[in-house]
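Please read the structure below before turning to the comments.
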Amino acid sequence: GDHKKLSRSGCLCFGPRAGQENICDFESVPERRKVFAYGSDTRSSRAVNAMIAEAWARRRYPAAFINKIDEALGEAMETQAWLDHALDCGYLERNQYRTLDDSWQKVGAMLNRMIQRADDFCRSASQQ
């Protein structure tokens, strides 16, 4: 639907996740850490896209739209925190970290712009 176009338009909500599955050297990671680190990163990074879709569905109500985009921003920042943790624990190479962190910085900037321009997104819903 339209929310897919929204989350893909100049956005990396699908991008950082793509290719993120195989970036860690999981052979050297203890089993209990794999579930903890990878599961937390996966949950937060996937939540960003889901929250954008939910915001799009609620765009008739600007406050609800802003709230969901703000929640997506929080999940994006949580993903960055997990990337920091993965780097600190040696689960990521520095160049992999930089690429992913840069992508998530761009996602955060896009989400901030969406909050600042919420009226533009919500206007189209009220005209339908």
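Our coupling estimate for the range 112-121, obtained by passing each phi through the Karplus curve with A = 6.51, B = -1.76, C = 1.60 and θ = phi - 60°, is 4, 5, 5, 5, 5, 10, 3, 4, 5, 6 Hz, Gly and Pro reported as x. Considering the range 59-128, its Cα convex hull presents a mean projected area of 4.8 nm². Surface analysis of the range 73-118 yields an accessible area of 53 Å² per residue, using protein heavy atoms and a 1.4 Å probe.
Around the amide H of residue 92, modelled in the peptide plane, lie the amide H atoms of 87, all under 5 Å away and 5 or more residues distant in sequence or on another chain.
The values are calculated or read from the model by the stated rules, or taken from the named source; none is laboratory data. No experiment lies behind these values; they were computed from the predicted model shown. Just the protein is used for accessible areas: all its heavy atoms, side chains included, with ligands, DNA and RNA removed. Shrake-Rupley method; radii C 1.70, N 1.55, O 1.52, S 1.80 Å.
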